[in-house]
Amino acid sequence: DLDRKGACVEVLADGPVPDSAKGEIFDWKTRKTVAVFTLVKSNHSALGPILSGAVRVPSAVEWSCDNPYLYGVRIRNSAGEVMGVQRFGFRTIRVSGDRILLNDRPIFLRGTLETILHGLVFKEANYAFAANPEDFARRYFESFRKMNFNQIRTNTQTLPRRCYELMDEIGLLVRDEL
């Protein structure tokens, strides 16, 4: 969405797909619902059947490295049961000429090549951090923000999903090589 106030939502179903479902966009911190929309059964994707819908949130706050504002999307079936929840931020990243734009504003990427975290913590190669790997990962990523970095590039690996969620919370962009 060009003004970053809307989103297309597609849900890959795990099992039978209802003809429709209800979607809710909510503020991640306050849990306050800011928009409601309908999803309908769509064509099958290569991975299976999907539900899809579109939603606009005129009051949406854009995610940025300095203000990593997050929302959630919650999908409910016709009985009101939650089928799934996913966190996200309203943002666009694109290239215009020789500039990278985040939300249509130039951004200079300042960061590092991350090669240590995956083996150090999440493969439990270092027993010192095995007791609380999430706390270590949060402190690790926060240290990059304190150094005024705004992006991390991974090297020949993808990190565990929780790492991406932490970087989203902290305001770090991620460049995956895979």
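Every number here is computed from the coordinates shown, using simple stated rules; none is lab data. A quick note: this is a predicted structure, and the numbers were derived from the prediction, not measured. Here the Cβ positions follow ideal geometry from the backbone for every residue, glycine too, while neighbour counts run over all protein chains shown.
Observations on the structure shown:
- Each peptide in 20-29, 153-162 receives the mean, over its residues, of other Cβ atoms within 10 Å, and ordering these scores from highest gives 20-29, 153-162.
- Relative to the Cα centre, the charge distribution of the chain, modelled as +1 at Lys and Arg Cβ and -1 at Asp and Glu Cβ, gives a dipole magnitude of about 340 debye.
- Each of the peptides 91-97, 108-114 was scored by the mean count of other Cβ atoms within 10 Å over its residues; in descending order, highest first, they stand as 108-114, 91-97.
- Rg/Rh for the chain, where both radii come from Cα atoms and Rh is the Kirkwood radius: 1.01
- Packing order of peptides 143-149, 50-56, highest average first: 50-56, 143-149 (average count of other Cβ atoms within 10 Å over each peptide's residues).
- Computed per residue of the chain from DSSP H runs no shorter than four, each worth -39500 (n - 2.57), the mean residue ellipticity at 222 nm is -4000 deg cm²/dmol.
- Straight-line cross-link partners of K5 among the lysines, defined as a Cα under 21 Å from its Cα and at least 8 positions apart when in the same chain: K22, K29, K32.
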